[in-house]
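Undergrad: First, the structure itself, so that you have it in front of you.
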Amino acid sequence: MSNDKTLFEKVWDDHVVVAETPDTPAILYVDLHIIHEVTTPQAFSLLREKRFPVRRPDLILATMDHSTPTTPVTTFKDLDVVAEGAANQIRQMEVNCKEFGIELLGFGSIERGIVHIIGPELGATQPGKTIVCGDSHTSTHGAFGALAFGIGTTEVGHVLATQCLLQRKSRTLVIDVEGNLSKGVTAKDLILGIIGKIGVDGGIGHVIEYRGDAISALSMDSRMTVCNMSIEAGARAGMIAPDDTTFEFLNGRPRSPRGADWDTSVARWRELRTDDGAKYDKSASISASDLGPMVTFGTNPGMVVGINDAVPDRPSDPSFRKALDYMQIEAGKPMTHNDVDVVFVGSCANSRLSDLQEAANIVKGRKVADGVRMLVVPGSQQIKKDAESLGLDKIFVAAGAEWREAGCSMCIGMNGDIVATGKLAVSTSNRNFEGRQGVGARTVLASPMTAAASAITGKVADPRPFLRDE
Amino acid sequence: MESIGKITSRTVVMPTNDIDTDQIIPARFLTTTSRDGLGQFVFNDLRRDSNGDDIADFVLNQPQAAGCAVLVGGKNFGCGSSREHAPWALLDYGFRAVISTEIADIFKNNSLKNGLIPVVVDAEIHQRLIANPGIEVTIDIETRTLTLEDGSAVEFPIDSFARFCLLHGIDQLGFIQQQLAAIESFEEQRSWTP
């Protein structure tokens with residue numbers, strides 16, 4: 001039998017505490033547990049009730065992002081701007097972290113931000129780690145060659161108490177991406193194209209590995225966008241083998257290894273690639289060169305179309321028809337036909353500095369169209385600061401957009417940042433589910449460039465005519 | 001958790017594909033710090049209009065849905081967000097099992113840990129269930145079988161460990177804690193530390 005292993009198998013095998021049997025799942029060790037205010041209170045309550053301590057508070061990264069206001073909070077009184085429930089949850093997070101000895105990156109911390117933004121930003125996300133969080137977009141961290149996936153609150157309790165999880169080994173799906181992305185076409189368009197191709201259930205039961213020339217050419221920011229949406233294809237996780245781009249990104253970050261430890265780590269990380277003879281359970285491929293800007297037209301991320309292509313129809317599919325009805329979208333016409341009410345640039349899919357730069361590059365010197373609200377929400381307080389030092393905030397504000405504090409914001413609409421009923425939002429987030437951004441809100445997922453171009457024209461717009469030479 | 005062996009109930013059918021956890025319980029109801037009482041919000045935005053009044057057409061608002069503990073959904077049921085509030089809400093509302101041709105991974109895991117039984121069936125059985133809403137079915141965890149109204153039975157896959165825990169009301173955390181020595185030795189012996 002061959003000893004060749006996939007990237008996933010290498011990371012999996014390195015974390016098995018007790019091996020899987022037909023009767024019992026594996027006990028898998030967790031290297032980094034990221035926690036936030038929404039999916040942890042019930043887990044802490046269980047620990048309190050059972051008098052269990054948190055086993056490894058040093059392996060937890062704790063912050064607040066989902067229900068936090070994106071207007072400045074300097075005192076807890078400022079929380080009155082959000083719903084009482086959200087304010088209570090935020091206060092409870094403070095109490096829980098204090099009681100269980102966990103460092104919390106809370107209000108006032110420059111390190112606070114969206115869970116999946118700050119892990120990489122701080123260098124806590126590293127190749128070869130197992131990373132979990134009570135949030136499905138934990139797949140983001142797989143961009144570094146980590147095995148990272150979302151878990152439920154019961155499992156959050158398991159990890160808090162034992163630093164371990166009960167897991168069955170997933171199957172593997174490799175996606176080869178050859179060619180090059182054209183100008184104006186981004187990682188967001190690529191992953192939307194992939195989901196469109198394999199379907200929102202194409203990855204169920206699988207860990208995806210993305211590879212090929214087009215993936216190697218991507219920046220870490222872009223790789224994170226790709227891995228972020230692995231869950232939207234139903235996959236357990238998405239992974240990309242680490243390379244020099246990965247190591248360069250991590251070098252010198254606050255929680256990255258240093259000195260001799262750095263060299264040892266990089267040597268270990270270089271081994272984290274799929275062996276030539278290793279087998280995947282399934283495979284798919286896509287050409288990056290063939291892709292243009294992509295936008296969604298329906299109520300799941302697999303209902304996606306090229307920006308200038310006609311929205312398809314499936315008259316005999318009631319689920320499909322229901323989605324078009326909800327979206328008030330006409331089949332047979334391109335999405336550029338639709339008026340836009342709101343533009344949201346943010347979320348763990350697209351709120352990193354390069355995303356904000358791409359949007360600002362299009363917005364600069366132009367005005368957000370009359371009647372359009374544009375909200376720009378950086379992924380972390382650090383990104384906010386970096387963007388401000390580049391003057392991006394001024395570009396957005398001069399164009400008529402709102403510039404906010406870090407958080408999940410309008411991606412999930414828990415903090416008061418919502419899209420009104422019936423309004424159409426072009427959003428750089430990752431979910432266009434019914435009601436995701438507000439009751440009756442209609443979401444079109446797109447890249448930061450497409451979102452910015454749509455804000456300027458007031459219609460869903462192809463960003464390519466708006467690109468400037470860099 | 002209480003032990004669960006068998007569920008017998010009439011079905012409620014929601015044939016739409018890709019029913020995500022945002023539909024099962026919208027995010028604005030996740031600001032709770034408790035797992036109790038979420039049944040009132042299950043499918044809230046499909047069940048109620050903007051005034052909070054029941055939408056008569058919606059299946060759960062129809063009189064024949066009362067007391068049904070088995071929900072038949074379209075394929076890829078429970079996709080999207082990892083919120084465990086989704087199975088908590090379905091259970092609190094009175095559901096005990098969900099049947100589909102495909103059930104999303106995280107939702108399935110969360111459901112099994114709370115005693116909501118995910119039952120995956122083939123397209124033929126699924127079609128039959130969708131075409132005949134309200135029939136009485138029995139889900140037997142012990143024998144891993146789904147029995148339809150005419151007495152015909154099909155097997156469904158269920159993880160053997162999850163099944164054992166359901167049948168005996170075993171808390172999975174306790175199982176991991178029994179392996180404390182193995183966890184400690186793993187931490188001591190690994191070649192690198194996170």
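Undergrad: Before we move on, is residue A:280 open to solvent by 20 Å² or more (accessible area, probe 1.4 Å), assigned by TED's automatic domain parsing to the domain that holds residue A:444 and aromatic (Phe, Trp, Tyr)? Reasoning before the result, please.
TA: Values: open to solvent by 20 Å² or more (accessible area, probe 1.4 Å): yes; assigned by TED's automatic domain parsing to the domain that holds residue A:444: no; aromatic (Phe, Trp, Tyr): yes.
No.
Undergrad: Shifting gears a bit: Return the pairs, sorted by first residue and then second, in which the second residue is assigned to a loop (DSSP other than H, G, I, E, B) and surrounded by fewer than 24 Cβ atoms within 10 Å (Cβ to Cβ), the first residue lies in segment A:347-361 and is touching a residue at least 24 places away in the same chain (Cβ under 8 Å) and on the phi < 0 side of the Ramachandran plot, the beta carbons are less than 7 Å apart, and the residues are 6+ apart or on different chains.
TA: From segment A:347-361, the pairs are A:354/A:219; A:361/A:468.
Undergrad: Residues in segment A:438-454 that are open to solvent by 10 Å² or more (accessible area, probe 1.4 Å), on the phi < 0 side of the Ramachandran plot and within 13 Å of another protein chain (Cβ to nearest Cβ): how many?
TA: 1
Undergrad: Next up: State all residues of segment B:89-103 that are of a type outside the set (Ser, Thr, Tyr) and open to solvent by less than 10 Å² (accessible area, probe 1.4 Å); if no residue qualifies, say none.
TA: Scanning segment B:89-103 gives B:89, B:90, B:95, B:97, B:98, B:99, B:103.
Undergrad: Which helices (runs of 4 or more DSSP H) does segment A:286-396 wholly contain that include 2 or more residues that are under 26 Å from residue A:407 (Cα atoms)?
TA: In segment A:286-396, A:353-363, A:381-389 are the helices (runs of 4 or more DSSP H) which contain 2 or more residues that are under 26 Å from residue A:407 (Cα atoms).
Undergrad: Same structure again: Kindly provide the set of residues from segment B:15-40 that are assigned to a helix (DSSP H, G or I) and either among the aliphatic types (A, V, I, L, M) or under 16 Å from the mean Cα position of the chain (by Cα) (or both), ordered by number.
TA: Within segment B:15-40, B:21, B:22, B:23, B:24, B:27, B:38, B:39 meet the criteria.
Undergrad: Could you list all residues from segment A:423-440 that are small (Gly, Ala, Ser) and touching a residue at least 60 places away in the same chain (Cβ under 8 Å)?
TA: Selection gives A:425, A:427, A:429.
Undergrad: Run residue B:10 past the list (1) open to solvent by 50 Å² or more (accessible area, probe 1.4 Å); (2) in contact (Cβ under 8 Å) with a residue 12 or more places away in the chain; (3) under 21 Å from residue A:433 (Cβ atoms); (4) of a type outside the set (Gly, Ala, Ser) and report the number of the one that doesn't hold.
TA: For residue B:10, the failing item is (3).
Undergrad: Another question, then. Can you tell me which of (1) under 26 Å from residue A:3 (Cα atoms); (2) surrounded by fewer than 24 Cβ atoms within 10 Å (Cβ to Cβ); (3) within 14 Å of chain B (Cβ to nearest Cβ) is the one residue A:216 doesn't meet?
TA: Only one criterion is unmet by residue A:216, namely (3).
Undergrad: Only residues in segment B:17-37 that are more than 7 Å from chain A (Cβ to nearest Cβ) and open to solvent by less than 10 Å² (accessible area, probe 1.4 Å) count as the first member; pair them with residues that are of a type in the set (Phe, Trp, Tyr) and assigned to a loop (DSSP other than H, G, I, E, B), Cβ under 7 angstrom, at least 6 apart or cross-chain, and list the lot.
TA: Going by the 7 Å Cβ cut-off, the qualifying pairs are B:24/B:43.
Undergrad: Filter segment A:25-52 for residues that are open to solvent by 30 Å² or more (accessible area, probe 1.4 Å) and either more than 10 Å from chain B (Cβ to nearest Cβ) or touching a strand residue (DSSP E or B) at 6+ places or on another chain (Cβ under 9 Å) (or both) and give the result. Full working, then the answer.
TA: Going residue by residue through segment A:25-52, those that are open to solvent by 30 Å² or more (accessible area, probe 1.4 Å) are A:45-46, A:48-52.
Scanning segment A:25-52 gives A:48, A:49, A:51.
Undergrad: Please go through segment B:52-65 and pick out each residue that is under 16 Å from residue A:435 (Cβ atoms) and open to solvent by 40 Å² or more (accessible area, probe 1.4 Å).
TA: Selection gives B:52, B:55.
Undergrad: Kindly indicate which of B:111, B:185 is hydroxyl-bearing (Ser, Thr, Tyr), within 17 Å of the chain's Cα centre (by Cα) and either under 23 Å from residue A:21 (Cα atoms) or open to solvent by less than 70 Å² (accessible area, probe 1.4 Å) (or both).
TA: Going through B:111, B:185 in turn, just one is hydroxyl-bearing (Ser, Thr, Tyr), within 17 Å of the chain's Cα centre (by Cα) and either under 23 Å from residue A:21 (Cα atoms) or open to solvent by less than 70 Å² (accessible area, probe 1.4 Å) (or both): B:111.
The values are calculated or read from the model by the stated rules, or taken from the named source; none is laboratory data. Note that the coordinates shown come from a computational prediction; the quantities given were computed from them, not determined experimentally. Cβ sites come from the backbone with ideal geometry, for glycine too, and all protein chains shown count toward neighbours. Note: areas computed on protein heavy atoms with side chains; ligands, DNA, RNA excluded. Shrake-Rupley method; radii C 1.70, N 1.55, O 1.52, S 1.80 Å.
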